[in-house]
Every structure is written in C-alpha cells, then in structure tokens.
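Before I ask anything, here is the structure I am working with.
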Amino acid sequence: MELLRRLSEAAGIPGYEGPVRAIFAEALEGLVDTMEVDALGNLIGHKKGDGPVVVIAGHMDEIGFLVSHVDQDSGFLRIEPLGGFDPVTLVAQRVLVHTESGDLMGCIGRKATHILSEAERKKALEIKDLAIDLGLAADVVKDKVSIGDTVTLHQDFIEYGDVVSGKAMDDRLALYVAIEALKRARKVMCDLYIVGTTQEEVGLRGARVAGQALNPDIGIALDATIAADTPDVPAQQRVTQLGKGVAIKLKDSASISHPGLVRAMKKLAKERDIPYQLEILPRGGTDAGGLQVANDGTAVITLSFPTRYVHSVVEVVHKDDIEATINLLVAFLETASQIDLAG
Ligand code: CO
Ligand code: ZN
C-alpha cells in the first residue's frame, strides 16, 4: 500500500504527469524488459513474449487546474479546470500550487455561512467563482506564481474500515493494480505492453496515441468506476457496489467492451472464484475508448474498481475489490494466449 500512497499523493494533472510517471517507472523497474516515454508522455513498459499483443492501460493524470489569473490587489488566484469537477467538492479544500520555486499550500474557501444571503445560498456554484488563497501578501504571490502553474488538490491517502481513501484513486490505483498483477503472475502468455497513459481526463489522448503506436490485438483499460451504492440512490442507478468484486465493464459512453473479452473475463473469474459484477456506465469513458479505434481497431475491455465519490478527494475503494481486480488481471495474463475472441 506504500506504493499506492505515493501514487495517490503525487501531483500530475493532464499534460503534467511527470511526478507520477517517475514513481510508476521506478515500480516497473525489473518487471518489464524495456521502458520508453513517447511524445505525449505515456510511459510504455514492454515485457516481450509470444501470443497476442496486449496493452494494459492505466492513466497517470488526475483532474486539476492551471492558474489562469492572479488578482493584483489580493493575491488570490483564479483557476482553469483540466477535467470534470463538481464545484461543491472543491469548497473548503486545501490545494497545492506547483510553482517554479516550489509548492505553495493554499485553500479554496467560501464566505462564512453567517453572512451568506438567501440568494447566495441557492446559487449553483461555478468554478469561475472560486479563488485560491495562498496566505501570502499580493506582492509575494505575484513574484512566485505564474499563469499556467499547475494546481492539485491536497489530500492524504488513508486506510480505514475495509477501504482505502484519498485523491486520484482514479486512476493511480490502476497503476498499483498493474504492478501487483505483474509481480504475482506466474507466467505472462502474451506480448505485453503496460502503459501509464496521459491526458485521459481531457479526452483519452495518451491512450489514442499509444494504441496507434503499439497496434495491440487486445486492449485492457484499468480504471475507477462509479459505485453509487449510497442510501440516497435507487438500486437501478448504483452502477456498481463497493465490496462486491471487480467490475467487468460492458459499456460506457466511450467504448463497448468486446463480447469475446467479456465472456473470457467472466469465465476466468468463475474458474478462479474471483468476485465480479457487470458494469453498465451511462456516462463517462476510459482509455479503452482510445485504444478501440486505433489503426484497424482493437478488441477492448475495461476492468473497473468500484469507487464511491469519484472525482473528489475522498474517493473510497474497498480492499477486497482491489484484490479481485488484481487477481482477474493475473488470471488474464496467465492465460492470454488461449483467449478465443470469436468463440
Ligand atoms: Co476520472
Ligand atoms: Zn479514470
């Protein structure tokens, strides 16, 4: 879990995944034959083998911001989002502003409840209304902060109950799962590329380029999916449930999983007693959508870990579901040459 902690707490908004890539590369060392970084910043680890060409993708980026404006009088910062935020989840959060001269701690606050008018209370929050307070004089801020400096939410990774929680479980947990699966697999029956992708949160951009370059037969995205299994949500809208196993995705709005891969994953899960659930996600996408349409096309699927409160700093994942996701990926790696997509 120490690796997961480091990955979760690292900063890496779309296009600026460097710190995450460094941790992932260190963890991949010795598990693959070669590693390279392409023009988009994708980290591509290659474990040479026979059988189908397989890409396993997990995205390194997290949703975050660029500094778009520095208020000349107050030193407060305005921000441009990279990725999809619910503004409500941003109020009363600590942030880090990554400047050329180092990281600055700050917060996103809101007018105290005592003085909020009825109209202000009812108004929907928008990101353009939010500002970062660095606790520094305007002159100091103007000196240290530049337009385009990146901003990430600040949150510790913790374990409690049966879960892990923190920021960017979407999708740092995928990198952890990939590493663990590679360590545990007794054999790898394919020509395997493990790819830490970039810019997923702004449109699967890294995965599209990696798919084009590597031309896989099979693409597997690892990603967080919605677990809306909270008391306010009717059963038919839960998508997945925490603690009920790895989610084998059937569709989201970016890809429809290959029926042969769905069949193969279900069979492997049953054979190895790995708990699983079937996922239909109405809206959202994963790197599978980018890999699917590369070159002459790729058979893809996403293995998802059910996650509560996705795209917030308290993303929650059940430890049993992490195990199930790792185990199903191990099962696939050990049998990949036998998978019959047509059958
Ligand atoms: Co996401
Ligand atoms: Zn994701």
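The values are calculated or read from the model by the stated rules, or taken from the named source; none is laboratory data. All values reported here derive from a predicted model rather than from experimental measurement. Neighbour counts are summed over all protein chains in view; Cβ atoms, including those assigned to glycine, are modelled from backbone coordinates with ideal geometry. The accessibility values were calculated without ligands, DNA or RNA, using every heavy atom of the protein model including side chains. Shrake-Rupley method; radii C 1.70, N 1.55, O 1.52, S 1.80 Å.
Can you tell me which residue is nearest to ligand 1 (Cβ to nearest atom) among those in the stretch 143-186 that are farther than 30 Å from GLY49 by Cβ and among the small types (Gly, Ala, Ser)?
Step by step, filter the stretch 143-186, then rank; the result is ALA168.
Ok, one more. Would you point out the residue of the stretch 285-294, among those that are more than 13 Å from ligand 2 (Cβ to nearest atom) and touching a helix residue (DSSP H, G or I) at 6+ places or on another chain (Cβ under 6 Å), that is farthest from VAL262 (Cα to Cα)?
ALA294
Taking the condition of being open to solvent by 60 Å² or more (accessible area, probe 1.4 Å) and in a loop (DSSP other than H, G, I, E, B), how many residues in the stretch 41-88 meet it?
Qualifying residue count for the region: 6.
GLY58 - would you say it is within 20 Å of HIS154 (Cα to Cα), within 16 Å of ligand 2 (Cβ to nearest atom) and touching a residue at least 60 places away in the same chain (Cβ under 8 Å)?
Answer is no for this residue.
Specify which of the listed residues (GLN212, GLN155) is open to solvent by 10 Å² or more (accessible area, probe 1.4 Å) and part of a helix (DSSP H, G or I).
Within the list GLN212, GLN155, the selection yields GLN212.
Considering only residues that are surrounded by fewer than 17 Cβ atoms within 10 Å (Cβ to Cβ) and of a type in the set (Val, Ile, Thr), which ones fall in the stretch 29-40?
THR34, VAL37
Matching residues to (1) away from ligand 2 (no atom under 16 Å from the Cβ); (2) in contact (Cβ under 8 Å) with a residue 12 or more places away in the chain; (3) more than 25 Å from ARG5 (Cβ to Cβ):
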residue: ARG272; (1), (2), (3): yes, yes, yes
residue: ARG283; (1), (2), (3): no, yes, yes
residue: THR307; (1), (2), (3): no, yes, no
residue: HIS311; (1), (2), (3): no, yes, no
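Can you tell me which residues in the stretch 187-202 are within 16 Å of ligand 1 (Cβ to nearest atom) and touching a Pro at 6+ places or on another chain (Cβ under 9 Å)?
Answer for the stretch 187-202, where residues must be within 16 Å of ligand 1 (Cβ to nearest atom) and touching a Pro at 6+ places or on another chain (Cβ under 9 Å): THR198, GLN199, GLU200, GLU201, VAL202.
Among the residues of the stretch 67-88, what is the count of those that are among the polar types (S, T, N, Q) and touching a strand residue (DSSP E or B) at 6+ places or on another chain (Cβ under 9 Å)?
Total meeting the criteria: 2.
Got a sec? Which helices (runs of 4 or more DSSP H) wholly within the stretch 247-343 have at least 2 residues that are among the small types (Gly, Ala, Ser) and open to solvent by 10 Å² or more (accessible area, probe 1.4 Å)?
Per the criteria, no element qualifies.
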